[in-house]
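Contents: one structure, followed by commentary.
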Amino acid sequence: MAAARELRYHSRGAVYGDLAYDLDREVREHALRHAGEAPRRQTAETETAAPKARPRVRSLSKAQVRQRQKVSILSVLGVGAAIGLAVLLMMGYIQLTAISDEVVSLQDQLAELETENVALTAQHEQMFDLATVKEVAEAAGMSKPSSSQIYYIDLSEGDSAVVYQQEETNLLSRLLTSLNHGIYAVVEYFE
């Protein structure tokens, strides 16, 4: 393999040094060829034959106007929808602020009512204190009942009721009554 590499390199010839392109070589060679000559000047004849190149100026004959673009209906609707949503969002924030203010005022009112409840509960408990009730009752002239004021009722006998006047019912009213009781019993069963 080493021999094949050597043959390949020997066939092209050996190259030493930098292989980069020398871009100024042509300019140097031209300068060396014309080293002893005087610089050439152009005469009037040569100037008319080959006029100097003037820079080209581009002139516009008409002012170019951009054409008016049409506004899409969808873009108008989109902008309108965005504005509508922004307004709805602002209204929501306004309502949220109003509700928050109302909640704060209701919480203040709740705190006041709780303190009032504590005071009224304490006053209520004082009113039902047995010693206070006894004093108020004695001051009003009330006293314990005597044995002559106590009556006992005997409820060991069965209950009875006496109907003094009985209405006579006809056949139609009895049918309506029994129908009413039947419907009531069915409704009561399904409930």
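The values are calculated or read from the model by the stated rules, or taken from the named source; none is laboratory data. Predicted model only: the values in this text are computed from it and were never measured. FYI the Cβ positions are ideal-geometry reconstructions off the backbone, even for glycines, and counts take in every protein chain you see. The area values use the complete protein model at the heavy-atom level, side chains included, leaving out ligands, DNA and RNA. Shrake-Rupley method; radii C 1.70, N 1.55, O 1.52, S 1.80 Å.
Between Gln69 and Val186, full extension at 0.36 nm per residue minus the direct alpha carbon distance yields a gain of 34.1 nm. Taking the charge dipole of region 88-191 about its Cα centre, with +1 at Lys and Arg Cβ atoms and -1 at Asp and Glu Cβ atoms, the residue from Gly141, His124, His181 reaching farthest to the positive side is His181.
Given R0 = 41 Å, the distance between the Cβ atoms of Lys144 and Leu113 translates into a calculated FRET efficiency of 0.50.
Relative to the current alpha-carbon distance between Asp154 and Leu130, full extension at 0.36 nm per residue lengthens the span by 5.5 nm. The candidates Leu23, Leu77, arranged from most to least accessible area with a 1.4 Å probe in the full protein assembly, appear as Leu23, Leu77.
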